[in-house]
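Reading through the structure tokens given below for one structure.
The values are calculated or read from the model by the stated rules, or taken from the named source; none is laboratory data. Nothing here was measured: the structure is a model prediction, and the numbers come from that model. Positions of Cβ are generated from backbone atoms using ideal geometry, with glycine treated the same way; all protein chains shown enter the neighbour counts.
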Amino acid sequence: MHETFLFGRMENMNDAINNEVPKAVLHIDGKQIELPVLTAADGHKAVDVSKLYDKYGITTFDPSLNSTSVCQSTITYVDGNNGILRYRGIPIEQFDRPQPNFIEIAWLLIFGVLPTRAELREFRDRLTSHELLHEGLREQFSDLPPKSPPMAILAAMFSQLACYHEKFLPLDDEELFIEAATRLISKARTIAAYAYRRSKGLPFTYPDPALRYCANFLHLMFSIPYQQYIIGEEVEDAMNLVLILHADHEQNCSTSTVRTVGSARANLFASCAAGVSALWGPLHGGANVEVMKMLESIYQGGMTPEDCIKAAKDKDNPFKLFGFGHRVYKNYDPRAKILRNAADRVFARMKESDPLLDVARKLEELARKDSYFIDRQLYPNVDFYSGILLRAIGIPPNMFTVIFALGRLPGWIAQWKEQHDNPLQKINRPRQLYVGEMHKNYVPIDER
Ligand code: SDX
């Protein structure tokens, strides 16, 4: 079923490039150049400049790719102006309930359709069969310095999977791809938990094949030998929701990194390891850690919410209001809304509260009344409330971005696969505007 879907849809997408489409006209150097105009599903227009350099020796200039569509995709739709996010057309608001779970959404993103009961059972069985790490890989954790950043461990161990599963490096076969993808998704959970255990000097527990994906992750994270770790239903539901909300977000920094590495026909493990490294950046997936530091500092009295807003607006101050603003959303990030409400729900079910949630709400209220943020269309993004929910689950801040990576992994895999299956895809090789010296001679060192 999904095979037909994958190859079928790829043909449809490439037809869009070949069909007769409206033109844009570029007037430059006395020439009039006609360029095809492509139209997206929501009517968004893109000028196809893919042959501009080969035909006319002219490039476009867009350093951070803000005005550049790098691919056609059917996976995730984001409407930044209206705060809309849909996975394969399904609004994420429909996932804000205990059923579906993360594995079902992973299948949806990778194969394009919701799995049947039989497909979901087979997927679960594959994930369970691949949950253990090779003992050689597991032993390597003990050689790592205890304070190793968990994201460094995740990137390193993703690459290491290529050493233990070299059969899954060339992936031109659908079955090999499924095996590689399920190994990566399942083992990423074990690697993430072991990174945490290493940082705490705890013994490594083994996965429990009787547990589902999120419950098994929580078991790997928090079980202590000979002490039964009880996984609260509200905690497992919250973990599923956090991973679902992070599962894909079209061509963000880390996903476009995975695509670029994959465009060289690099293997899935290496491509996703590169995605982990990009996600680690504080402007991207690392922001949720910075948000918690900011909220904690306010709560501990280090600064007031008003000080925070003032610092964020001060151009001479590098401080940013972390968890606010977005390259695409110029409206409330729909994920932030769901995470904020989920935090309320989890605390109510756990009969607990977190003063940082009150601090976050106060900060949001101040920012959203302030013309600096209003004029720049800066709203809470996915990172503003995610940390508070993760803290309620018991996840420590140094693991927040790792959880983001665990959630984003199916999205990276889906995007890598969509590109891998596109027969028109070439290796990514951007051009540049060279503005350096055009010609100089070598000067021997005694004459310098
Ligand atoms: C993620 O791309 C994705 O989809 C990413 C992501 C995903 O799911 O993969 O959604 C996940 O990365 C969310 C973003 C997490 N990062 C943060 O929360 C870090 C704080 N945010 C900012 O660094 C910033 O908003 C960015 C990087 C997220 C977006 O930057 P933009 O759109 O390029 O905005 P910009 O830098 O052009 O800023 C426009 C103006 C500037 O002021 P002026 O020069 O116009 O006076 O807004 C200001 C900026 O200084 N601004 C902020 C701000 N964000 C932007 N000022 C204070 N605090 C902020 N957070």
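Only one of A336, A312, A278, A287 is surrounded by 19 or more Cβ atoms within 10 Å (Cβ to Cβ), small (G, A, S), more than 21 Å from the chain's Cα centre (by Cα) and within 12 Å of the ligand (Cβ to nearest atom); which?
Checking each option against the conditions leaves just A312.
Of (1) out of contact with any strand residue (DSSP E or B) (no Cβ under 8 Å at 6 or more places or on another chain); (2) modelled with pLDDT of 95 or more, F347 satisfies all except one. Which?
(2)
How many residues does the range 345-368 contain that are without any contact (Cβ under 8 Å) to a residue 40 or more places away in the chain and part of a helix (DSSP H, G or I)?
7
Check L202 against each of (1) without any contact (Cβ under 8 Å) to a residue 24 or more places away in the chain; (2) hydrophobic (A, V, I, L, M, F, W, C); (3) part of a helix (DSSP H, G or I); (4) closer than 23 Å to I393 by Cβ and name the one condition it does not meet.
(3)
Among T205, T182, T190, which is at pLDDT below 95 and among the β-branched types (V, I, T)?
On inspection, the qualifying residue turns out to be T205.
Residue-by-condition table, conditions (1) within 16 Å of the ligand (Cβ to nearest atom); (2) touching a residue at least 40 places away in the same chain (Cβ under 8 Å):
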| residue | (1), (2) |
| --- | --- |
| Y372 | yes, yes |
| R376 | yes, yes |
| L389 | yes, yes |
| M399 | no, yes |
| V402 | yes, yes |
| L409 | yes, yes |
| R429 | no, no |
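What is the one condition in (1) closer than 18 Å to Q419 by Cβ; (2) under 19 Å from the mean Cα position of the chain (by Cα) that A264 does not satisfy?
With (1) closer than 18 Å to Q419 by Cβ; (2) under 19 Å from the mean Cα position of the chain (by Cα) applied to A264, the lone miss is (2).
Restricting to the range 81-106, give me the number of residues that are surrounded by 16 or more Cβ atoms within 10 Å (Cβ to Cβ) and in contact (Cβ under 8 Å) with a residue 60 or more places away in the chain.
13
Report, ordered by the first and then the second residue, all pairs with beta carbons closer than 7 Å, sequence separation of six or more or different chains, a first member in the range 321-334 that is under 15 Å from D248 (Cα atoms), and a second member that is within 6 Å of the ligand (Cβ to nearest atom) and of a type in the set (F, W, Y).
Listed pairs, sorted by first residue: none to list.
Take the residues in the range 318-332 that are under 16 Å from the mean Cα position of the chain (by Cα) and within 7 Å of the ligand (Cβ to nearest atom), then tell me which one is surrounded by the most Cβ atoms within 10 Å (Cβ to Cβ).
Residue satisfying both the conditions and the ranking: G323.
Please return the ranges of helices (runs of 4 or more DSSP H) entirely within the range 66-161 where 2 or more residues are β-branched (V, I, T) and over 19 Å from L220 (Cα atoms).
Once the helices (runs of 4 or more DSSP H) in the range 66-161 are filtered for at least 2 residues that are β-branched (V, I, T) and over 19 Å from L220 (Cα atoms), what remains is 102-111.
Residues R408, R376, R340: which one is closer than 28 Å to L184 by Cα and of a type in the set (K, R)?
After applying the criteria, what remains is R408.
It is to be established whether one or more residues within the range 383-395 are basic (K, R), surrounded by fewer than 24 Cβ atoms within 10 Å (Cβ to Cβ) and farther than 27 Å from E131 by Cβ.
no
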